[in-house]
Amino acid sequence: MAVRRRTLSELAWSVLTYAILAVLLFYVLFPFLWVLSTSLKPESQILTARPVLVPTTVTLQHYQLVLSRTLFVTYFRNSLLVATATAVSALVVGSLAAYAFSRMHNSPGIKPIALAMFLAPMIPGVLIILPLYLFMYRVGLLDTYWSMIIAYTTFAIPFSTWMLKGYFDSLPIELEDAARVDGADRLRVITRIVLPIALPGVVATGLYAFVLAWNEFLFGYTFVSSDSTRTLTPGIALFIGLWTVQWGSLTAAATLGVVPVAIAFAYLQKYLVAGLTSGSVKG
């Protein structure tokens, strides 16, 4: 009887756990499901007294409108370019900085520098938007891709450095010593040994920097004013007018904007899981 009661207790806890997870999952996914549902509804079903999640009639007219009659493709291309450049820049600078902090942590002055870099992302972007705008104006970078790439990379590098440092700390130093004995210089050790071994962490960090630049709105809205260089998030905001909101087009564009990130997470899931766990414990 004791074994029976223990089994029922475990079953009850399992059911309760899955029920809580199901509620939390629905809570997290509901906003996206509502956006997807609205993008598939005809105009007559979007603004109704009794909104429903599942549309009675499915239409793709909003997607056709967004892709054929707006500059969505241009905004999408610009975001892809800016986000990719940001991810690459953050990985290059962040990996070198992380390796230096990991292997030179006992050097004089290295800890205050590392602390300052790690505290930098805590500064809200709205507090430095004006100095950054004036800087971009004086160097002639306003309304260019470089203004956004520089701003996004500035915020991506500190977290990328902190994240990669954890992975580098977990790597055995003996591998590097053996390569140095064989004649490899420091740069070759990093590119041929350290980075390949820490590939899951590199992928996870690069995806973080990509998503940060892909979803950013404030700097893209402030630094860019022309459609030729405008990115996706400020471009989607243009569907919100002064008196009306094009809900169908807005939700269709937002749904299409999620596609690259969703595909990246789907294909890189194994690297993300390994990357987020391998650097969490040193040794």
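The values are calculated or read from the model by the stated rules, or taken from the named source; none is laboratory data. Keep in mind the model is a prediction, meaning the values are calculated, not measured. Glycine gets a Cβ as well: all are built from the backbone with ideal geometry, and neighbour counts include every protein chain shown.
Pick from 156, 198: which is assigned by TED's automatic domain parsing to the domain that holds residue 119, in contact with a helix residue (DSSP H, G or I) (Cβ under 7 Å, 6 or more places away or on another chain) and under 30 Å from residue 73 (Cβ atoms)? Don't jump to the end; show me each part of the working.
Working: 198 fails: under 30 Å from residue 73 (Cβ atoms).
Just a single option satisfies the conditions, and that option is 156.
For the range 217-228, which positions are more than 21 Å from residue 128 (Cβ to Cβ) and either free of Cβ contacts under 8 Å to residues at least 24 places away in the same chain or among the polar types (S, T, N, Q) (or both)?
Going through the range 217-228, the residues more than 21 Å from residue 128 (Cβ to Cβ) turn out to be 226-228.
Residues satisfying the conditions are 226, 228.
Being among the aliphatic types (A, V, I, L, M) and in contact (Cβ under 8 Å) with a residue 24 or more places away in the chain is the filter here; which residues of the range 142-172 pass it? It would help to see each step written out before you state the result.
Taking the range 142-172 and keeping what is among the aliphatic types (A, V, I, L, M), we get 142, 148-151, 156-157, 163-164, 171.
Those that are among the aliphatic types (A, V, I, L, M) and in contact (Cβ under 8 Å) with a residue 24 or more places away in the chain: 142, 148, 149, 151, 156, 157, 163, 164, 171.
Kindly indicate which of 216, 174 is surrounded by 22 or more Cβ atoms within 10 Å (Cβ to Cβ) and among the charged types (D, E, K, R). Please lay out each step first, then the result.
Working: 174 fails: surrounded by 22 or more Cβ atoms within 10 Å (Cβ to Cβ).
Being surrounded by 22 or more Cβ atoms within 10 Å (Cβ to Cβ) and among the charged types (D, E, K, R) holds for just one of 216, 174, which is 216.
Using the structure shown, decide if residue 263 is over 20 Å from residue 97 (Cα atoms), part of a helix (DSSP H, G or I) and modelled with pLDDT under 85.
Values: over 20 Å from residue 97 (Cα atoms): yes; part of a helix (DSSP H, G or I): yes; modelled with pLDDT under 85: yes.
For residue 263, the condition - over 20 Å from residue 97 (Cα atoms), part of a helix (DSSP H, G or I) and modelled with pLDDT under 85 - is met.
In the set 153, 144, which member is of a type in the set (Ser, Thr, Tyr), farther than 30 Å from residue 249 by Cα and at pLDDT 90 or above? I'd like the intermediate steps shown before the answer.
Details: 144 fails: farther than 30 Å from residue 249 by Cα.
Answer to the check: 153.
With the condition kept exactly as written, say whether any residue in the range 61-78 is small (Gly, Ala, Ser), within 28 Å of the chain's Cα centre (by Cα), in a helix (DSSP H, G or I) and assigned by TED's automatic domain parsing to the domain that holds residue 196. Outline the logic, then answer.
Let us first name the residues in the range 61-78 that are small (Gly, Ala, Ser), namely 68.
Keeping just the survivors that are within 28 Å of the chain's Cα centre (by Cα) gives 68.
Checking the rest, the ones that are also in a helix (DSSP H, G or I) come to 68.
In the following step, the residues that additionally are assigned by TED's automatic domain parsing to the domain that holds residue 196 were identified as 68.
Within the range 61-78, one or more residues are small (Gly, Ala, Ser), within 28 Å of the chain's Cα centre (by Cα), in a helix (DSSP H, G or I) and assigned by TED's automatic domain parsing to the domain that holds residue 196.
How about the range 207-231: which of its residues are aromatic (Phe, Trp, Tyr), in a helix (DSSP H, G or I) and under 15 Å from the mean Cα position of the chain (by Cα)?
208, 210, 214
In the same structural domain as residue 230 (by TED's automatic domain parsing) and assigned to a helix (DSSP H, G or I): is that true of residue 36 in this structure?
Working: in the same structural domain as residue 230 (by TED's automatic domain parsing): no; assigned to a helix (DSSP H, G or I): yes.
Taking the combined requirement at face value, the residue does not satisfy it.
Test residue 54 against the stated conditions and say whether it is among the hydrophobic types (A, V, I, L, M, F, W, C), in a loop (DSSP other than H, G, I, E, B) and out of contact with any strand residue (DSSP E or B) (no Cβ under 9 Å at 6 or more places or on another chain). Show your work before the answer.
Numbers: among the hydrophobic types (A, V, I, L, M, F, W, C): yes; in a loop (DSSP other than H, G, I, E, B): yes; out of contact with any strand residue (DSSP E or B) (no Cβ under 9 Å at 6 or more places or on another chain): yes.
When the stated conditions are applied, residue 54 passes them.
Which condition number in (1) within 31 Å of the chain's Cα centre (by Cα); (2) within 24 Å of residue 239 (Cβ to Cβ) is the one that residue 19 fails?
Just one mismatch for residue 19, condition (2).
Can you tell me how many residues in the range 232-248 are part of a helix (DSSP H, G or I) and either within 12 Å of residue 41 (Cβ to Cβ) or touching a strand residue (DSSP E or B) at 6+ places or on another chain (Cβ under 8 Å) (or both)? Explain how you work it out, then say what you get.
We begin by selecting, within the range 232-248, every residue part of a helix (DSSP H, G or I); these are 232-237, 247-248.
Filter once more, keeping what is either within 12 Å of residue 41 (Cβ to Cβ) or touching a strand residue (DSSP E or B) at 6+ places or on another chain (Cβ under 8 Å) (or both): 247-248.
Selection size over the range 232-248: 2.
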